[in-house]
Amino acid sequence: MKKYSLMLLAIMMAFTVGAQTKNDYNLLVHQKDGKVVTYDAAEVDSISFLEMPAFNTGDDFVIEPAEITSSVLKVNIVPKDKNITYYSCFTDQTGYGRAWDVYGSIFNMDKEWWVYVASLYSKTWTDILPSQVNKGDYTMDGGTDYGFILWDHEYYAYCYGLSLEGEITTPIYMQKYKTLSPTPSENKITVESVTPGEDGKVMVKISTTNDDPYYVGAQKKNYIDSWVKDLGSNEAMFKNLISQQHPTPQYIHKGSQEIELYCATKNADYQVIICGYNGGPTTEIQLVPFRTNP
């Protein structure tokens, strides 16, 4: 059985035609974006409503964009009181949902993280707050203050006053931003050959029509098939992969060349994943199958 906590951002309705028991009902959640999500009432134990706190209710902070591209997200945090200590961070839609569904609030989510970090050094969470808070104007950089920034992706920038004793001193201030889609490339990328070798080494010969950067990697075919099935497209699969992989320069190349990849499993079906890449995919994502040597 499931229990759903629904924010008061949605309207819930139940409908039935000649329904006599709980098993005859469906629950419809009408979301603000116009989507309607249906739940089988037989799978629901109870329904509770979580009233969202009001954001941006004063003038303690101004959050404004500084730089937004497909791979860069920077915002300026400007406190009214330059002497106040405050915490600021980014989260994406998944993290935002977990803040309420799992922790009950954004502050509780942040505190849980501080408790964990402090435990690594045998400290209390308030012991590490001096290294977590800021004072005065601050430019928050998603690449360093959050992690890898994805293209065409929604993020929340937020902040709140926080004393060194761990007390919240202002309401939460929050703004939502979306990174850009990468600029398409006219590069025509062709995989000329894939040659499995010994010890997991695989040589991939690639030709291109210009020097725009491109991504090359390899994953087991069953992993890719599963991701595409679950997420619905090669593009969504690739975004999921990049969000986990955080590609380093070893994955990004320019020009026609032979590239060596490593595949850990012998005698297994793999696929080369290749596409133009500059802060996100700039060409069609190609999947080229091959099999590693026994």
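Here is a check on your reading of the model: is Ser88 of a type in the set (S, T, N, Q), in contact with a helix residue (DSSP H, G or I) (Cβ under 8 Å, 6 or more places away or on another chain) and at pLDDT 95 or above? Talk me through it step by step, then tell me what you get.
On the way: of a type in the set (S, T, N, Q): yes; in contact with a helix residue (DSSP H, G or I) (Cβ under 8 Å, 6 or more places away or on another chain): yes; at pLDDT 95 or above: yes.
Yes: the conditions hold for Ser88.
Which residues, taken from the range 168-185, are in contact with a Gly (Cβ under 9 Å, 6 or more places away or on another chain) and either farther than 25 Å from Ile68 by Cα or not aromatic (Phe, Trp, Tyr) (or both)?
Ile168, Thr169, Thr170, Pro171, Thr179, Leu180, Ser181, Pro182, Thr183, Pro184, Ser185
Filter the range 252-283 for residues that are touching a Gly at 6+ places or on another chain (Cβ under 6 Å), of a type in the set (Ser, Thr, Tyr) and crowded, with 18+ Cβ neighbours inside 10 Å; which is farthest from Thr69 (Cα to Cα)?
Thr283
Yes or no: the range 254-269 includes at least one residue that is farther than 23 Å from Gly147 by Cα and free of Cβ contacts under 8 Å to residues at least 12 places away in the same chain. Quick ask: steps written out before the conclusion?
Residues of the range 254-269 farther than 23 Å from Gly147 by Cα: 254-269.
Filter once more, keeping what is free of Cβ contacts under 8 Å to residues at least 12 places away in the same chain: none.
Scanning the range 254-269, I find no residue that is farther than 23 Å from Gly147 by Cα and free of Cβ contacts under 8 Å to residues at least 12 places away in the same chain, so the answer is no.
Let me spell it out: the conditions are (1) part of a strand (DSSP E or B); (2) acidic (Asp, Glu); (3) modelled with pLDDT of 95 or more; (4) farther than 28 Å from Leu180 by Cβ, and Glu67 meets all of them except one. Which number is the exception?
Status for Glu67: all satisfied but (4).
Could you list, in sequence order, the residues of the range 78-122 that are among the aliphatic types (A, V, I, L, M), open to solvent by less than 70 Å² (accessible area, probe 1.4 Å) and either assigned to a loop (DSSP other than H, G, I, E, B) or without any contact (Cβ under 8 Å) to a residue 12 or more places away in the chain (or both)? Talk me through it step by step, then tell me what you get.
We begin by selecting, within the range 78-122, every residue among the aliphatic types (A, V, I, L, M); these are 78, 84, 99, 102, 106, 109, 115, 117-118, 120.
Next, only the ones that are open to solvent by less than 70 Å² (accessible area, probe 1.4 Å) stay: 78, 84, 99, 106, 109, 115, 117-118.
Within the range 78-122, Ile84, Ala99, Val115, Val117, Ala118 qualify.
Of all residues in the range 142-163, which are assigned to a helix (DSSP H, G or I) and among the charged types (D, E, K, R)?
Of the range 142-163, the ones assigned to a helix (DSSP H, G or I) are 142-145.
Correct list: Asp145 only.
Among residues belonging to the range 164-183 that are touching a residue at least 24 places away in the same chain (Cβ under 8 Å) and assigned to a strand (DSSP E or B), point out the one that is surrounded by the most Cβ atoms within 10 Å (Cβ to Cβ). Talk me through it step by step, then tell me what you get.
At the first step, the residues of the range 164-183 found to be touching a residue at least 24 places away in the same chain (Cβ under 8 Å) are 164-166, 168-175, 177-183.
Next cut, assigned to a strand (DSSP E or B) only: 168, 173-175, 177-178.
Working: Ile168: 14, Tyr173: 23, Met174: 17, Gln175: 17, Tyr177: 17, Lys178: 12.
So, considering only residues that are touching a residue at least 24 places away in the same chain (Cβ under 8 Å) and assigned to a strand (DSSP E or B), the one surrounded by the most Cβ atoms within 10 Å (Cβ to Cβ) is Tyr173.
State yes or no: is Thr57 surrounded by fewer than 15 Cβ atoms within 10 Å (Cβ to Cβ), at pLDDT 55 or above, within 30 Å of Tyr277 (Cβ to Cβ) and β-branched (Val, Ile, Thr)?
Working: surrounded by fewer than 15 Cβ atoms within 10 Å (Cβ to Cβ): yes; at pLDDT 55 or above: yes; within 30 Å of Tyr277 (Cβ to Cβ): no; β-branched (Val, Ile, Thr): yes.
It is false that Thr57 is surrounded by fewer than 15 Cβ atoms within 10 Å (Cβ to Cβ), at pLDDT 55 or above, within 30 Å of Tyr277 (Cβ to Cβ) and β-branched (Val, Ile, Thr).
For the range 207-229, how many residues are surrounded by 13 or more Cβ atoms within 10 Å (Cβ to Cβ) and either part of a helix (DSSP H, G or I) or in contact with a Phe, Trp or Tyr (Cβ under 8 Å, 6 or more places away or on another chain) (or both)?
Going through the range 207-229 one residue at a time, the tally reaches 15.
I'd like the residue in the range 284-293 that is under 17 Å from Gln219 (Cα atoms) and not in a strand (DSSP E or B) and, out of all such residues, is most open to solvent (accessible area, probe 1.4 Å).
The extreme case among them is Asn293.
For Thr195, state whether it is more than 26 Å from the chain's Cα centre (by Cα) and either surrounded by 16 or more Cβ atoms within 10 Å (Cβ to Cβ) or β-branched (Val, Ile, Thr) (or both).
Working: more than 26 Å from the chain's Cα centre (by Cα): yes; either surrounded by 16 or more Cβ atoms within 10 Å (Cβ to Cβ) or β-branched (Val, Ile, Thr) (or both): yes.
Judged against the criteria, Thr195 is a match.
Taking the range 236-267 only, how many residues are part of a loop (DSSP other than H, G, I, E, B) and out of contact with any strand residue (DSSP E or B) (no Cβ under 6 Å at 6 or more places or on another chain)?
Filtering the range 236-267 down to residues part of a loop (DSSP other than H, G, I, E, B) leaves 246-248, 254-256, 263-267.
Still in the running and out of contact with any strand residue (DSSP E or B) (no Cβ under 6 Å at 6 or more places or on another chain): 246-248, 254-255, 264-267.
Qualifying residue count for the region: 9.
The values are calculated or read from the model by the stated rules, or taken from the named source; none is laboratory data. Please read all numbers here as calculations on a predicted model, not as lab measurements. Positions of Cβ are generated from backbone atoms using ideal geometry, with glycine treated the same way; all protein chains shown enter the neighbour counts. Ligands, DNA and RNA are stripped out before the accessible areas are found, and what is left, the full protein with its side chains, is counted by its heavy atoms. Shrake-Rupley method; radii C 1.70, N 1.55, O 1.52, S 1.80 Å.
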